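*Asks:* Got a structure here, written out as structure tokens. Questions coming.
Nothing in this text is a laboratory measurement; each read-out follows from the coordinates by a stated rule. Everything numeric here is computed off the predicted structure, so don't read it as measured data. When we count neighbours, we look across all protein chains shown, and the Cβ atoms used for this are built from the backbone with ideal geometry, even at glycine.
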């Protein structure tokens with residue numbers, strides 16, 4: 001049996017120990033359980049920026065979506081991401097972004113994500 005539910009602070013250890021952020025509400029988590037064990041999970045970060053011309057400045061970033069290797073290709077990751085998107089939509093988040101792995105691109109495109117043409121700049125500290 002598979003269930004998808006809101007993550008709670010008790011689940012934070014399984015989701016990279018983000019208990020404080022889950023409790024504060026600036027971080028969302030969702031897990032999919034199979035036979036009572038966490039089989040897949042993911043996170044979303046929420047924040048506000050100054051409003052733009054075409055949005056109110058609300059932002060969400062989905063990340064850390066993972067499924068146990070022996071339970072992949074069963075729709076668990078899709079269920080987790082769909083749950084996170086439903087929660088973000090209910091909170092009125094205007095822009096949701098993510099960085100897709102090669103394996104995840106088709107899944108995210110099927111959920112309405114499109115490649116962005118915004119330039120992404122990175123700065124790495126040289127050691």
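*Asks:* Between residue 109 and residue 90, what length comes free when the chain is fully extended (0.36 nm per residue of separation minus the Cα-Cα distance, one decimal in nm)?
*Replies:* So the chain would gain 4.8 nm between residue 109 and residue 90.
*Asks:* Order of 1-8, 56-63 by packing, highest average Cβ count within 10 Å first?
*Replies:* Sorting 1-8, 56-63 by mean packing, highest first, produces 56-63, 1-8.
*Asks:* What is the fewest-to-most order of 83, 117 by other Cβ atoms lying within 10 Å of their Cβ?
*Replies:* In increasing order of surrounding Cβ atoms, one gets 117, 83.
*Asks:* Now, a different point. Which percent, nearest 5, of DSSP beta bridges in the range 44-123 are antiparallel?
*Replies:* Counting DSSP beta bridges with both partners in the range 44-123, the antiparallel share is about 55 percent.
*Asks:* Separate question: Which order results if 116, 26, 40 are arranged by neighbouring Cβ count within 10 Å, fewest first?
*Replies:* 116, 26, 40
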